[in-house]
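Remarks on the structure that follows.
The values are calculated or read from the model by the stated rules, or taken from the named source; none is laboratory data. As the structure is a computational prediction, the values presented were derived from the model and not from experiment. Don't worry about glycine lacking a Cβ; one is built from the backbone with ideal geometry, like all the others, and counts go over all protein chains shown. Heads up: the accessible areas ignore ligands, DNA and RNA and are worked out on the full protein's heavy atoms, side chains in. Shrake-Rupley method; radii C 1.70, N 1.55, O 1.52, S 1.80 Å.
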Amino acid sequence: MFQARRGMLFAAGVAAILATANAALCGCSKDIALRLTNIYENGDTDFHYDYCENIEDGRGFTAGIAGFCTGTADAWVVIEEYHKLTGGNDDFSPMDDVLAKYAESGSDSVSGLEDYCSVWKKLGESDVKFQQAQDTVRDEMYYTPSQQL
């Protein structure tokens, strides 16, 4: 009897794990998944909202919590989201034309973006709206689609 009950509990546990594996992560599970991803991206579990550099990989500047790039358009999406939260008049505004051009063309050029990393780093360190914009874009472009696989 005990063996049968233990077997049923094991089967129920496996079924629960399989069902959970197909369900979207939320709350604590999402935080753990994102922090584990940070280990591979940054070598620690912290969220590096202020990270920015040109890693010379053909994608322009790479920045923020998801490695948003100026040459692949996702950095521009973050900045557009930030503009929505600031009314469009913020430290990135002077770079909008160049960023939009590189996002559209896929250019890896950083010409005209001399202040980009200093602005990203400053806002990433302390601006809650900028951090929120990064979270929103990360979730919409990467996290949420990954939960629908």
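Quick check on TYR116: is it in contact with a strand residue (DSSP E or B) (Cβ under 6 Å, 6 or more places away or on another chain), under 15 Å from THR62 (Cβ atoms) and crowded, with 18+ Cβ neighbours inside 10 Å? Considered against the rule, which asks whether it is in contact with a strand residue (DSSP E or B) (Cβ under 6 Å, 6 or more places away or on another chain), under 15 Å from THR62 (Cβ atoms) and crowded, with 18+ Cβ neighbours inside 10 Å, TYR116 comes out as yes. Within the range 58-80, being in contact (Cβ under 8 Å) with a residue 40 or more places away in the chain and surrounded by fewer than 19 Cβ atoms within 10 Å (Cβ to Cβ) holds for GLY58, VAL77.
Across the range 45-57, the number of residues qualifying as outside any loop (DSSP other than H, G, I, E, B) and either aromatic (Phe, Trp, Tyr) or open to solvent by less than 40 Å² (accessible area, probe 1.4 Å) (or both) comes to 1. If you go through the range 81-106 and keep only what is more than 29 Å from GLY43 (Cβ to Cβ), small (Gly, Ala, Ser) and either buried (at least 18 other Cβ atoms within 10 Å of the Cβ) or in contact with a Lys or Arg (Cβ under 9 Å, 6 or more places away or on another chain) (or both), you end up with nothing. Scanning the range 60-80 for residues that are of a type outside the set (Ser, Thr, Tyr), assigned to a loop (DSSP other than H, G, I, E, B) and closer than 22 Å to PRO94 by Cβ yields a count of 4.
Please find, within the range 119-141, the residue that is farthest from the chain's Cα centre (by Cα) out of those that are among the polar types (S, T, N, Q) and either at positive phi or open to solvent by 80 Å² or more (accessible area, probe 1.4 Å) (or both). Out of the qualifying residues, it is SER126. Selection of the range 99-139 for residues being within 19 Å of ILE55 (Cβ to Cβ) and part of a helix (DSSP H, G or I) yields LEU99, TYR102, ALA103, TYR116, CYS117, SER118, VAL119, TRP120, LYS121, GLY124, GLN134, ARG138.
In this structure, ASN38 does satisfy being at pLDDT below 95, surrounded by 13 or more Cβ atoms within 10 Å (Cβ to Cβ) and of a type outside the set (Gly, Ala, Ser).
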